[in-house]
Structures are given as structure tokens and as C-alpha cells.
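Please treat every number below as a calculation from the coordinates, not as lab data. Keep in mind that this is a model prediction, so the values were computed, not measured. No Cβ is skipped: glycine too gets one built from the backbone with ideal geometry, and neighbour counts run over all protein chains shown.
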Amino acid sequence: MPPRSLEVGPDGIQTVRTIEILRTERGLSQRQLADRVTALGHPMSNTMLSRTERAQRRCDADDLVAIAEALLVSPLVLLQRSTATWTRPTQRR
């Protein structure tokens, strides 16, 4: 079986942008958010968070839930598309 691609897709990109936006709105550095995530029992370094926000590291379900909890939001908030960036898929003929 070939190795799984590490490329982050468009939904993943939107999710990490939302994480970064919420983090900065709350006045948190990457280190502070990573420390909060770690304190919740999900070890995360600021390097891991930085790579996640730059879409160089995939954000798995466990990361997503822990980051959401540290940001005091539902994981769904991180997954929802913003209406400002939502576009309709093109129709195929």
C-alpha cells in the first residue's frame, strides 16, 4: 500500500485558517495555545501548532477536538466554512 499523501486539502486549509484567526482574536501566541492544548492532556508543541497553521502538518480529529477545547469553541466551529469564503462547487457537464 502506498503511503498516504500529507497534502492538506481545501477544507483542511480553511480549518487551520479558522484556528489561526480564533487564536489571534483571543490574543494567544502559538506557544500559549499549544500550552493550553497540552494542559488539556493532548501534548502539543508550538512547533506542531505552527506547522499545522501553515498546513505543513495534518490536523487529526484528536488535535481538532483539543484545539477547539483550548479555544473554548465547538470543534464544529473550526470545521464550518465561513460564508465569506464559501463558493459553490462548479457543475460538471
*asked:* Using Cβ contacts closer than 10 Å as the measure, can you line up Leu76, Leu22 from fewest to most?
replied: Leu76, Leu22
*With the contact rule set at Cα under 8 Å and sequence spacing of 6 or more, what percent relative contact order holds for segment 10-79?*
37
*List Thr24, Thr38 from most exposed to least, where exposure is judged by having the fewest other Cβ atoms within 10 Å.*
Thr24, Thr38
*Going by the alpha-carbon gyration tensor, a ≥ b ≥ c the square roots of its eigenvalues, is segment 1-59 rounded (a/c under 1.5) or, if a/c is not under 1.5, prolate (a/b greater than b/c) versus oblate?*
oblate
*Roughly speaking, what is the centre-to-centre gap between segment 34-54 and segment 56-79 when only Cα atoms are used, to the nearest Å?*
11
*Tell me, what HN-Hα J-couplings in whole Hz come from the Karplus equation 6.51 cos²θ - 1.76 cosθ + 1.60 at θ = phi - 60° for each residue of segment 24-33, using x for Gly and Pro?*
6, 4, 8, x, 9, 7, 4, 4, 5, 5
*Along Cα→Cβ, 7 Å out, is where each label goes; now give me the distance between the ones at Arg31 and Leu76 in nm to one decimal.*
3.6
